[in-house]
1. Within region B:26-34, identify whether any single residue is without any contact (Cβ under 8 Å) to a residue 40 or more places away in the chain, polar (S, T, N, Q) and open to solvent by 30 Å² or more (accessible area, probe 1.4 Å), and answer yes or no.
2. Please indicate, with yes or no, whether at least one residue in region B:9-17 is within 16 Å of ligand 1 (Cβ to nearest atom), out of contact with any Phe, Trp or Tyr (no Cβ under 6 Å at 6 or more places or on another chain) and outside any loop (DSSP other than H, G, I, E, B).
3. Pairs under 6 Å by beta carbon, first residue at the interface with chain B (Cβ under 7 Å from one of its Cβ atoms) in region A:160-184, partner open to solvent by 50 Å² or more (accessible area, probe 1.4 Å), six or more apart or different chains?
4. If you scan region B:63-91, which residues turn out to be open to solvent by 60 Å² or more (accessible area, probe 1.4 Å) and within 14 Å of ligand 1 (Cβ to nearest atom)?
5. Consider region B:61-88. How many of its residues are without any contact (Cβ under 8 Å) to a residue 24 or more places away in the chain and within 16 Å of ligand 2 (Cβ to nearest atom)?
6. Residues to consider are B:Val102, B:Val39; find the one that is within 16 Å of ligand 1 (Cβ to nearest atom), out of contact with any Cys (no Cβ under 7 Å at 6 or more places or on another chain) and open to solvent by less than 50 Å² (accessible area, probe 1.4 Å).
7. Could you go through region A:161-175 and let me know if any residue there is open to solvent by less than 60 Å² (accessible area, probe 1.4 Å) and in contact with a strand residue (DSSP E or B) (Cβ under 6 Å, 6 or more places away or on another chain).
8. Could you check region A:185-200 and list, in sequence order, the residues that are touching a Phe, Trp or Tyr at 6+ places or on another chain (Cβ under 8 Å) and at the interface with chain B (Cβ under 7 Å from one of its Cβ atoms)?
Amino acid sequence: MSAWLYNVFCEPWTHAYFVKGALGGSIIAVACAVLGCYIILRKMAFIGDAMSHALLPGVGIGYLVMNALFAGGFTAGGLLLGALIAALLTSVSISFLSNVGRIAEDTAIGIIYTGLFAAGVVILTRFQQHINIDLNHFFQGDIYGVSWADLWLSAGVAAVVLSIITIFYRHLTIVSFDPTMAASIGLPTRGIHILLTIMIALVCVAGISMVGVIMIVGLLITPAALAYMLTDRLPRMMGLAAVMGVLSVITGLYFSEWVNASGGGSIMFMGFLLFLVGLILAPRYGLMAAWLRRRRLVPQADLEDVLRWAYEGCREIEELPLDKRHLRKVARQMVREDLIDPGPLRKGCILLTDKGSQEAAHIMRSHQLWEGHLIRSGMSAEAAHEAAHELEHLHYRNVLVDFDAELEHPAKDVDGKPIPPAGSDG
Amino acid sequence: MDAATASSTGITMEHLTVSYQTKAVLVDVSLDIPRGTVVGILGPNGAGKSTIIKSIMGFVPRDYGTVRVFGQPVADARGLVAYVPQRGQIDWSFPVTVRDVVTMGRYGHRRWYQSIRGEDREKVKHALDAVRMTEFADRQIGQLSGGQQQRVFMARALAQESDILLLDEPFAGVDAATERAIAGLLAGAREEGKTVVVVHHDLETAAEFFDRVVLLNRRVYAYGPPREVLEPNLLAEVYGGTLRKMSWNEEGEA
Ligand SMILES: Nc1ncnc2c1ncn2[C@@H]1O[C@H](COP(=O)(O)OP(=O)(O)OP(=O)(O)O)[C@@H](O)[C@H]1O
Ligand SMILES: [Mg+2]
């Protein structure tokens, strides 16, 4: 058994490729997750997607130029520079295009990034023999082929991105939250947008060779979105997103080991599964929470019936003509609303609290006045009694005041029981 | 009119023309708002009221004309202005608390490398007290009622301690108590000599709240003391006759 556990969970860590993959993946996942919080809050997810694809021509040209200048040296620097230029070009041309003519921003994004991506494909295929970047690698990355250079690059990028976010936290937050106000206190909103764009480009460049272009977008968006479901505080959202990102990387790597599937794909698949789990289980905004809230709802009429039954003193649950399971649900809701005492309820007995008694008195009064009103309108006593059970739930104050006047302020109902005074429920 | 303040310039607009894409939203708007006055901007939906507010902050591209704040171009006057946005412009699910939002009012007072100090936190506390939102300080802003949300942004404007207040529909959807509270804050700002511009929709209260009123519908139809400006014929013209059905005639509903 322990040998099996060892093989499944520990053995992978004895391989350098696994350790490097986990390390590089985690570093880039943390940077992506924290940055991703701003991306989803600013609703820039599509821009992130576009940016990552549009890097291709930049990477290609950067590689070609460096290759031509230094005959194969310094290609990493060339890739980085080319990617940054492509990212800026993408950002600037998107905002230009969406401000001229009648083209909306999402349309502009679609046009620009497919255009640039196509240019990249053309460059890569035309100069195939000079460039050793292949498209498959661009899409999938190679998490098991992480080199020391990749590690250093991702560590550097993560350090830069996290420092910028720490230093400019206030500015990034206010520009995202209320750009007009940010501009009015003199913050460069445009500049901050460009800064975000550059950071997206940086994590893309650092991450693409490890997890590929689609997965890098996933790491930007999904962990942050999951964290957004879990908390209402931005710093906590960033922390949670980082944890979720790393969790996706580690579980993804295990998964790819076990089922022998693509590393990049497995990582993002796990991230997606984590998101689904969060979507269902999130305490406040999850599906389960909404479902539980709805399930706990009980019809107000049932609740008022129980109030009226219990008005005259402690009642055994067994006595009440409601389905017992349903009654228990109603009783629990009444405990939450502080209408009945939880102590006696455990012994199968419903005892009203002060607040419960007051509300019960109001329902009782409503029942009795309705009954009186119906009889006065010519209904038989028996029919009136039945109908009052339904109509008592219409207990608007003004209606009761009218009935009270009509019946000349009765002190007792038709059966001679005292009618509780008005306003006894506050 | 205001002999005491007429000498000092507050906000001046000359021939301001603004368009989004090809659509002219403000046409040849000239206004002189003296320092220390409380001015209401009234007009139908889409009249360009929010656009005027944004142009005072230099947040919309001008086609033509100038906007000056205390005699300076708006670009140099940044930080003099506190702004309360219209409700619809805020993402209420943004993960910030009431205190976070009010603290944003202090950001303009600190350079980018300086952190928020005890003195700032003190001012945030005062501002929260002034709008009676202290007990909600740690709530996420989406978990408040509309009136409470409005008060949070008022508190942020107070915490900014700026000489000019621009409020975009601060009275929209608030109850009588909050309305009185906001009116009280306006009166307080006037006493401190602040220049206040308020986008407003209620003709009944306009005369009470404002020293001067602008009637706007792409152009300025009238500008002056409320009694002169809020005149049925003028209003009918600006609101395109729809007003006859509104509360102005004291019959029917808005
Ligand atoms: N960012 C924008 N892009 C394009 N058109 C815009 C933009 N903002 C406003 N508009 C248009 O400009 C006109 C004036 O808008 P503005 O927001 O200033 O009106 P408003 O007077 O504040 O209206 P409301 O009472 O509804 O708030 C409207 O017709 C609006 O459609
Ligand atoms: Mg507006």
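The values are calculated or read from the model by the stated rules, or taken from the named source; none is laboratory data. Treat the numbers as computed from the prediction; the structure is a model and nothing was measured. Cβ sites come from the backbone with ideal geometry, for glycine too, and all protein chains shown count toward neighbours. When the accessible area is computed, the model is the full protein with side chains, heavy atoms only, and any ligands, DNA or RNA have been set aside. Shrake-Rupley method; radii C 1.70, N 1.55, O 1.52, S 1.80 Å.
1. no
2. Within region B:9-17, one or more residues are within 16 Å of ligand 1 (Cβ to nearest atom), out of contact with any Phe, Trp or Tyr (no Cβ under 6 Å at 6 or more places or on another chain) and outside any loop (DSSP other than H, G, I, E, B).
3. Going by the 6 Å Cβ cut-off, the qualifying pairs are A:Thr180/B:Phe59; A:Ala183/B:Phe59.
4. B:Asp63, B:Arg87, B:Gly88, B:Gln89
5. Result for region B:61-88: 1.
6. Step by step, each of B:Val102, B:Val39 is checked, and only B:Val39 is within 16 Å of ligand 1 (Cβ to nearest atom), out of contact with any Cys (no Cβ under 7 Å at 6 or more places or on another chain) and open to solvent by less than 50 Å² (accessible area, probe 1.4 Å).
7. For region A:161-175, residues open to solvent by less than 60 Å² (accessible area, probe 1.4 Å) and in contact with a strand residue (DSSP E or B) (Cβ under 6 Å, 6 or more places away or on another chain): absent.
8. Once the filter is applied, which keeps residues that are touching a Phe, Trp or Tyr at 6+ places or on another chain (Cβ under 8 Å) and at the interface with chain B (Cβ under 7 Å from one of its Cβ atoms), region A:185-200 yields only A:Ile185.
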